[in-house]
Amino acid sequence: MEKNTVLSKLKLIGFILYFLILFAERLLAVILSPGVGGEYALVSGNVFNYIAYAVTALSVASGLVLMIRVLPKMFVSVFTRKAYDFDANRKSVILAVTVILFGGMMHTGFTIAPVQFVSYGFLIAAMVVRTIECCREGKRLAADKDELTAGKFRLRSYASVVSVIYLTLFAMAVPVSYISFQEMPLRVVFFAVEFTTVFVLVPVFGLLMLRFFESGVTSFSFVYPVIILLFSGATVALKWREEINWFVLIFLILTLVFYLSFGLIARAKVKRLVTEEE
């Protein structure tokens, strides 16, 4: 069980605020979307809005059930000296994070993008705290060890820092689902691809987060950059003539460049650590 340190409290606060802020914003979307948002309103009759609304409503309902399992004890730990057993509840926390994120990836009739970004900022803050924990732990364990062991901890700290940057870029490269008015059948193809992209990349991001919060280092397998290139790239390409999603395009490029520049190095360092420990 984790000690109830300042860092552990800050990590929990990051998760709590992510949950509460995104849940509140998405709940308002479910309540107000039917008649608010012009072309994104449910009453507009566009099939995209029916799907986006259904996904958001299911995400909010499921997220609430999952949050009830983890939030109360998190609150207790933050405001008391009682430690929260994050290791034992890690999968439940990441599952809740992932499920409510599905709703965040739907542009509905009532969407407050700045509020969503604030919630994502707190999730990123929780990841930064995890990296700080990993680096501090390595520094502490290496303090009285030989130089070879200290070097191993420095390698792991490097991989942890690279992990949090990689995860942040990866998350930003996942496209939000938007409406389209392209000619048929391209519109149907675009809707199918963009919804598929969300339902593939959000769980992938959840798996990468789970790995990160387990060891402080995420997976640097080449499979994940290829997946996001294919799905996010296809989503951007299919809407290119109607509108260029510069935000996703820029972060997709940054994700791939960062992985090739630093992720592969971190992957090699982690493999080296595993080999030496064996």
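The values are calculated or read from the model by the stated rules, or taken from the named source; none is laboratory data. Quick caveat: nothing in here was measured; it's all calculated off a predicted structure. Methodologically, a virtual Cβ is constructed for each residue, glycine included, from the backbone with ideal geometry; neighbour enumeration extends over all protein chains shown. Just the protein is used for accessible areas: all its heavy atoms, side chains included, with ligands, DNA and RNA removed. Shrake-Rupley method; radii C 1.70, N 1.55, O 1.52, S 1.80 Å.
Please pick out the residue among Val30, Val55, Val78, Val43 that is of a type in the set (A, V, I, L, M, F, W, C), farther than 22 Å from Val198 by Cβ, touching a residue at least 24 places away in the same chain (Cβ under 8 Å) and in a helix (DSSP H, G or I).
Val78
Exactly one residue out of Ala52, Ala29, Ala57 is surrounded by fewer than 20 Cβ atoms within 10 Å (Cβ to Cβ) and of a type in the set (A, V, I, L, M, F, W, C), and it is Ala57. When the stretch 74-107 is filtered for residues that are under 13 Å from Leu22 (Cβ atoms) and open to solvent by 10 Å² or more (accessible area, probe 1.4 Å), the ones remaining, listed by number, are Thr98, Val99, Leu101, Phe102, Met105. For the stretch 226-235, residues that are open to solvent by less than 10 Å² (accessible area, probe 1.4 Å) and not hydroxyl-bearing (Ser, Thr, Tyr) total 1. One residue is enough: does the stretch 212-234 have a residue meeting the conditions on the phi > 0 side of the Ramachandran plot, in contact (Cβ under 8 Å) with a residue 12 or more places away in the chain and under 16 Å from the mean Cα position of the chain (by Cα)? Scanning the stretch 212-234, I find at least one residue that is on the phi > 0 side of the Ramachandran plot, in contact (Cβ under 8 Å) with a residue 12 or more places away in the chain and under 16 Å from the mean Cα position of the chain (by Cα), so the answer is yes.
The residue pairs whose first member lies in the stretch 105-123 and is over 25 Å from Leu42 (Cα atoms) and without any contact (Cβ under 8 Å) to a residue 60 or more places away in the chain, whose second member is of a type outside the set (Val, Ile, Thr) and surrounded by fewer than 19 Cβ atoms within 10 Å (Cβ to Cβ), and whose beta carbons are closer than 8 Å, counting only pairs six or more residues apart or on different chains, do not exist in this structure.
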